[in-house]
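Contents: one structure, followed by commentary.
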Amino acid sequence: MEIDLVTAVHLAGLALNAEALRRVHAAGHPEIRVSHGFVVQHVVEGPRPIGEIAERMGVTQQAASKAVAELERLGYLERTSDPRDARVRLVRLSARGTAVVEDTRRIRAEMEEELADVLGAGRAAALRSAAQEALDWAGGGEAVRARRVRALS
C-alpha cells in the first residue's frame, strides 16, 4: 500500500519519536513525555522567568507554571532567585534536567547513525535536508531555530 507524502512523513516522525522516547526511558528517565520537551526547550540555553516561558510557549502563565511544577516535581527543573532581582524566580534545568537533555541528544545522534547505516549516508543526508526544507516550507523552521516549537493542540 502506498501512502501520501504528508502521511508518510508524519507517521515516520511519530515512529522515530516513539523509539527515541523508549530509549530515553531506558536511559533512566521513565517519566519523561514528549510534551515535556515543549517546556524544556525554553530553558536549555539558560534560566528564564515563568512569564517569559509562558509567552514563548503561547500559553497562560498558569499553564506554564503547571507544566514547570510537574517537571520540578520530577527533578528536571528547579526555581531559583534572579541574582539581579530577588523578587523574580527563574526556572532552570537541574542536574537531572541537564542529564536528560544530554541523553536525548546522544540517543538522537545514535538513531541518526543507525538510519545512515540502513539508508546509506547519502540518502540519510538527503532525507535530513528534504525534511528541513519541508519544515521551512510549512512555516515551522523558524520556530525550531528559535526554540519556540509549540505543542500541538
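Looking at 106, 79, 92, which is the one that is charged (D, E, K, R) and in contact with a Pro (Cβ under 6 Å, 6 or more places away or on another chain)?
Criteria check complete, one pass: 92.
Can you tell me which residues in the stretch 32-51 are over 13 Å from the mean Cα position of the chain (by Cα) and either open to solvent by less than 60 Å² (accessible area, probe 1.4 Å) or of a type in the set (Lys, Arg) (or both)?
46, 48, 49, 50, 51
Checking the conditions here, which among 59, 100 is more than 14 Å from residue 147 (Cα to Cα) and in contact with a His (Cβ under 6 Å, 6 or more places away or on another chain)?
Criteria check complete, one pass: 100.
Quick test for you: out of 128, 147, 106, pick the one residue that is at positive phi, within 20 Å of the chain's Cα centre (by Cα) and either assigned to a helix (DSSP H, G or I) or surrounded by 13 or more Cβ atoms within 10 Å (Cβ to Cβ) (or both).
147
Do you know which residues across the stretch 109-125 are in contact (Cβ under 8 Å) with a residue 12 or more places away in the chain and open to solvent by less than 50 Å² (accessible area, probe 1.4 Å)?
Once the filter is applied, which keeps residues that are in contact (Cβ under 8 Å) with a residue 12 or more places away in the chain and open to solvent by less than 50 Å² (accessible area, probe 1.4 Å), the stretch 109-125 yields 111, 124.
Is at least one residue of the stretch 52-72 surrounded by 13 or more Cβ atoms within 10 Å (Cβ to Cβ), polar (S, T, N, Q) and over 21 Å from residue 110 (Cβ atoms)?
Yes: the stretch 52-72 contains one or more residues that are surrounded by 13 or more Cβ atoms within 10 Å (Cβ to Cβ), polar (S, T, N, Q) and over 21 Å from residue 110 (Cβ atoms).
Pick from 70, 112, 45, 102: which is out of contact with any Asp or Glu (no Cβ under 8 Å at 6 or more places or on another chain) and modelled with pLDDT under 95?
Exactly one of 70, 112, 45, 102 is out of contact with any Asp or Glu (no Cβ under 8 Å at 6 or more places or on another chain) and modelled with pLDDT under 95, namely 45.
Restricting to the stretch 1-31, give me the number of residues that are surrounded by 13 or more Cβ atoms within 10 Å (Cβ to Cβ) and more than 17 Å from residue 104 (Cβ to Cβ).
Residues meeting the conditions: 1.
State whether one or more residues within the stretch 83-94 are modelled with pLDDT of 95 or more, surrounded by 14 or more Cβ atoms within 10 Å (Cβ to Cβ), under 30 Å from residue 5 (Cβ atoms) and polar (S, T, N, Q).
no
The values are calculated or read from the model by the stated rules, or taken from the named source; none is laboratory data. Please read these numbers as outputs of a predicted model, since none were measured by experiment. Counting neighbours? That spans all protein chains shown, and the Cβs are built from the backbone with ideal geometry, glycine included. Areas reflect the complete protein model, heavy atoms only, side chains present, ligands, DNA and RNA absent. Shrake-Rupley method; radii C 1.70, N 1.55, O 1.52, S 1.80 Å.
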